[in-house]
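Below is one structure, written out as structure tokens; the observations come after it.
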Amino acid sequence: MADEQSPMEFDADKVPDVLPILPLYDAALFPKMVLPLVVLQGESVQLVDEAMAKDRIIGLMVSKKPEDKASPGREDLADVGTSALILKMAKTQDNRTQLLVQGLSRFRIKNFEEGKPYLVARIELLKDVEKKDNETEALMSNIAGQFERVVELSPGLPPEIAQMAKTIQEAGTLADMIASTINSSPEEKQRVLELMDVKLRLKEVTRLLNHQLDILELG
């Protein structure tokens, strides 16, 4: 069975103050981006089922410890997470739950709430700190150019994605989109996620792109 909702312009300010928290083990999600996930553990499946019956909004946080039988504790989760809308859910024969989620906004956990078998947290939404100036413009232009080069050298990336990057007007979104697309580790993506200062975020993504280019050019 599949249950889906089309991606839409969702007002990120409408994210509830209390969210069920789903740990991520080998991925990180950015606002506005879409990510496929597979959920295996019992309490996580229950979390998804209950979210689907309600407003389809969950909180995703990178777990610092690998996926094993025990669910990560509060101390195992990263500092900043991403609220997300479940666009699609499907149950497979072997009892996996497949999701397609779209990021809404960054958040930080204020405190955890009791009463559910999965983690539930009261959150505060985080806003980008951005001031448009010449340096930001230069960083955006540079990052779009570097990304185009990475796309040219990466057979797995469609050429249109480089053109799409050039049409993004918001500096923070551009950095997020590129960080979510390039081949970097969940830890590196998480570092980008935690940077609210858009200039610092652009600089960090520039560094990741340079590293990616070095590897591709050698290869």
I need to check one value: relative contact order of the chain, counting alpha carbon pairs closer than 8 Å and at least 6 residues apart, in percent.
22 percent
Below 20 Å, Cα to Cα, which lysines can LYS91 reach? Residues fewer than 8 away in the same chain don't count.
LYS54
Volume of the Cα convex hull of region 5-115, divided per residue and given in Å³:
106 Å³
If I model a spin label at GLU170 and TYR25 as a point 7 Å from the Cα along the Cα→Cβ vector, what separation in nanometres do I get?
3.2 nm
Note to self: Kirkwood Rh of region 67-193, Cα pairs, one decimal, Å, is 17.6 Å
Phi-based couplings in Hz for region 101-109 (Karplus 6.51, -1.76, 1.60; Gly and Pro marked x):
10, 10, x, 10, 7, 6, 8, 10, 7
When the accessible area of the chain is computed with all protein chains present and a 1.4 Å probe, what percentage of it is carbon and sulfur?
51 percent
Once Lys and Arg get +1 and Asp and Glu get -1 on their Cβ, which of PRO117, PRO159, GLN102 lies farthest toward the positive end of the dipole of region 97-219?
PRO117
Relative to the first principal axis of the alpha-carbon coordinates of the chain, what is the inclination of helix 171-181, with its axis defined by its Cα atoms, in degrees from 0 to 90 and to the nearest 10?
70 degrees
Taking Cα atoms, the helix 134-153 axis meets the longest principal axis of the chain at an angle in degrees (rounded to 10) of 80 degrees
Rank GLY145, ALA175, GLN212 by how far each Cα sits towards the positive end of the charge dipole of region 71-219 (+1 on Lys, Arg Cβ; -1 on Asp, Glu Cβ) and give me just the farthest.
ALA175
Two-decimal Rg/Rh of the chain from alpha-carbon positions, Kirkwood Rh?
0.98
In debye to the nearest 20, the charge dipole size for region 68-219, taken about the Cα centre with +1 at each Lys and Arg Cβ and -1 at each Asp and Glu Cβ, equals 500 debye
Report VAL150's accessible area, 1.4 Å probe, all protein chains in place, as a number in Å² to the nearest 10.
0 Å²
Can you list the HN-Hα couplings for region 30-45, worked out from phi with the Karplus curve (6.51, -1.76, 1.60; θ = phi - 60°), rounded to whole Hz and with x for Gly and Pro?
10, x, 6, 8, 10, 9, x, 9, 10, 10, 10, 6, x, 5, 6, 5
For region 139-182, I need the span (max minus min coordinate) of the C-alpha atoms along each principal axis, in Å, sorted largest to smallest.
27, 17, 14
The answer for the chain, accessible area per residue at 1.4 Å probe in Å², is 52 Å²
Spelling it out for LEU87: with amide H atoms placed in the peptide plane at 1.01 Å from N, the residues 5 or more places away or on another chain with amide H under 5 Å from its amide H are LEU100, VAL101, GLN102
Could you pull out every residue, at least 5 positions away or on a different chain, whose amide H is within less than 5 Å of the one on LYS65? Hs are placed 1.01 Å off N in the peptide plane, and Pro or chain starts have none.
none
Where both residues lie in the chain, what percent of DSSP beta bridges are antiparallel, nearest 5?
85 percent
How far, in degrees from 0 to 90, does helix 198-218 lean away from the longest principal axis of the Cα atoms of the chain, to the nearest 10?
70 degrees
Could you tell me which of the pairs LYS64/LYS110; LYS88/LYS189; LYS65/LYS88; LYS110/LYS203; LYS64/LYS203 are separated by over 21 angstrom between their Cα atoms in the structure shown?
LYS88/LYS189; LYS65/LYS88; LYS110/LYS203; LYS64/LYS203
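The values are calculated or read from the model by the stated rules, or taken from the named source; none is laboratory data. The shown structure was predicted, so the numbers you read here are calculated from the model rather than taken from an experiment. Cβ: placed from backbone, ideal geometry, glycine included. Neighbour counts: every protein chain shown. We work out accessible area using only protein heavy atoms, side chains counted, and drop any ligands, DNA or RNA first. Shrake-Rupley method; radii C 1.70, N 1.55, O 1.52, S 1.80 Å.
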